[in-house]
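See structure below.
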């Protein structure tokens, strides 16, 4: 879901950079020093997971894991995702520097939304409900990111409408896979390390 250099219009790029800068600033203000190792580990998880690209027609898909990152971090998901995307852009030319703001916002905002929607539910006593919510969280995070990527393309110009539709359709299998992975992650943490979820 990385948008490459030279595709988006200047207003979309500037808006994305401004929104991301504001959100990262707010996140860093809220983040406690003791959270830094957890943020660093989850940033590296995001970095590695989204490096594995599977070609699909003219596009490619990859894992994102922004739902899990949102559940585990909350607002610090913004700097975690920013650092991972910046390194991917510099080292592997995935995305780019000018699109860094838009790409970060497209991945991190759904993570924050999922944190507020599902964080309390996955801490509940009922394990079955917690795992159902974990699946919905993983699915929804990718769906929202796909919608935001599509919106960025549509706001850039009419020629990108078909590509925007393709992005959403191509990521349907990823949404299901992310939901399943989120279930395994949350189920494992609830059993083995519930303090990570603040249970």
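Only the coordinates and a few stated rules stand behind these numbers; no lab work does. Computed from a prediction, not measured in an experiment: that's the story for all the values here. Because the Cβ atoms are built from the backbone with ideal geometry, glycine has one as well, and the counts that use them run over all protein chains shown.
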Report task. Select one label from (1) 52, 39, 30; (2) 49, 35, 27; (3) 59, 48, 36: the one whose number is Cα extents along the principal axes in Å as derived from the coordinates shown. Result -> (2)
Query raised in the report: For the chain, what's the relative contact order in percent, using C-alpha pairs closer than 8 Å and at least 6 residues apart?
Result: 25
Query - Within a Gaussian network of the chain (alpha carbon springs, distance under 10 Å), most fluctuating of 78, 160, 105 - result: 160
Requested in this report: Calculate, for residue 40 and residue 180, the FRET efficiency according to 1/(1 + (r/R0)^6) with r their C-beta to C-beta distance and R0 41 Å; round to the nearest 0.05.
Outcome: 0.95
Report summary line: For the chain, the longest principal axis of the Cα atoms and the Cα long axis of helix 127-156 enclose an angle in degrees, to the nearest 10, of 10
Requested in this report: Rank these for me by crowding, 131, 143, going from fewest to most other beta carbons within 10 Å.
Outcome: 131, 143
Requested in this report: When a/c is below 1.5 the answer is rounded, else prolate if a/b is larger than b/c, else oblate, so apply that to the stretch 1-101 with a ≥ b ≥ c taken from the square roots of the Cα gyration tensor eigenvalues.
Outcome: oblate
Report summary line: The helix 10-30 Cα axis meets the longest alpha-carbon principal axis of the chain at an angle in degrees, between 0 and 90 and rounded to 10, of 20
Requested in this report: Take the Cβ-Cβ distance between residue 162 and residue 198 as r, set R0 to 41 Å, and report the resulting FRET efficiency rounded to the nearest 0.05.
Outcome: 0.40
Report task. Neighbouring Cβ atoms within 10 Å as the yardstick, rank 191, 165 fewest first. Result -> 191, 165
Requested in this report: Pop a pseudo-label 7 angstrom from the Cα along the beta-carbon direction at both residue 51 and residue 128 and give the gap in nm to one decimal.
Outcome: 4.1
Report summary line: Between the Cα axis of helix 36-49 and the main Cα principal axis of the chain, the angle (0 to 90°, nearest 10) is 50
